[in-house]
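What follows is a short report on a single structure.
The values are calculated or read from the model by the stated rules, or taken from the named source; none is laboratory data. As the structure is a computational prediction, the values presented were derived from the model and not from experiment. Note: ideal-geometry Cβ built from the backbone for every residue, glycine included; neighbour counts use all protein chains shown.
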Amino acid sequence: MEEVKENTINEEKTEYEIVGVQFKQFGKIYYFDPCGLTLSDGDCAIVETSRGLEYGFVKIGNKIVSKDNVYLPLRPVIRVATRDDTWRYEGNKEKEEEAKKICIDKIAEHGLAMKIVDAEYTFDNSKLLFYFTSDGRVDFRELVKDLASIFKTRIELRQIGIRDETKMVGGLGPCGRVLCCNKFLDDFGQVTIKMAKEQNLSLNSQKISGTCGRLMCCLRYEQNAYEDAMKGLPKVDSVVDTPDGQGIVCEVATLAGLVKVKIQNGDQSVIRQYPAESVKVILEKTPKKQSGEREEDELIQNDQ
């Protein structure tokens, strides 16, 4: 009797099981394939990364997510971290502080215009990374040779921006609280001058800049609330109808939902405040730009 073979149709997967792993406190969470392991928030695990094996902290336990939410291929979780793994990780942290001091001394010897922010060993000690800031390009080839001869491992120097430096170092913001980037933000979003304008903030750079000297990150995550509130509000300079007659909008309190309107009363004009729902837009106007102002000035990104 002839054996009948069935054709198997390989359907592309639309869902994947993942675990979320974080390598630094308040750092970005990366997805990994649990490979049959069950992990929970608070566990520690050894995972495979582009840099080799790394020690990470599980922030998201086993979870099914759609294909659109993952970057393929998913790298695997090798094992749940053992006590020896944890000791090795903690030992690396102690060595990193000593490595940072040695690197600072070597930079001074070579007279390089750079500042070391942090040092980091890979879990298997196959590489030692130094993060630094500098106002320009730095020729650190001789420095790398010196460091490699001292630490007997592969050396990598990585230049970072001032926002990344501030996130690593930490501190207090203008509000008096711990910096958002150091406390809970896992990634930097785009922040623009336009956001400050829409939130009716002073455009004085000292008042809207954070400790890093860039626009404050809180402008970004508060923007959605302002955009939702602005949907039912007239724009400044729009002609509106009020219970007291027609007038021109001169100020909008976005979150309070209040509108200040200038109304002409004979030879005098008066400014009155109304709830947004009590005024009706007759002619909507967009404020004119100041001379020399360009559109891209409103869209300056704060990710440098």
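Check the stretch 137-149 and report whether any residue there is within 25 Å of E90 (Cβ to Cβ), assigned to a helix (DSSP H, G or I) and hydrophobic (A, V, I, L, M, F, W, C).
The answer is yes, given that some residue of the stretch 137-149 is within 25 Å of E90 (Cβ to Cβ), assigned to a helix (DSSP H, G or I) and hydrophobic (A, V, I, L, M, F, W, C).
For the stretch 118-150, which residues satisfy the criterion of being surrounded by 19 or more Cβ atoms within 10 Å (Cβ to Cβ) and hydrophobic (A, V, I, L, M, F, W, C)?
A119, F123, L128, F130, F132, F140, L143, L147 - these are the residues of the stretch 118-150 that are surrounded by 19 or more Cβ atoms within 10 Å (Cβ to Cβ) and hydrophobic (A, V, I, L, M, F, W, C).
Condition (residue is buried (at least 17 other Cβ atoms within 10 Å of the Cβ) and part of a loop (DSSP other than H, G, I, E, B)) applied to the stretch 239-258: is it met by at least one residue?
Within the stretch 239-258 (the criterion being buried (at least 17 other Cβ atoms within 10 Å of the Cβ) and part of a loop (DSSP other than H, G, I, E, B)), the answer is yes, since at least one residue qualifies.
Name the one entry in R141, R177 that is out of contact with any Leu (no Cβ under 8 Å at 6 or more places or on another chain), assigned by TED's automatic domain parsing to the domain that holds A108, basic (K, R) and farther than 30 Å from T86 by Cβ.
Result: R141 is the single residue among R141, R177 that is out of contact with any Leu (no Cβ under 8 Å at 6 or more places or on another chain), assigned by TED's automatic domain parsing to the domain that holds A108, basic (K, R) and farther than 30 Å from T86 by Cβ.
Considering only residues of the stretch 150-191 that are of a type in the set (A, V, I, L, M, F, W, C) and part of a loop (DSSP other than H, G, I, E, B), which is nearest to G111 (Cα to Cα)?
Among them, the one singled out is I160.
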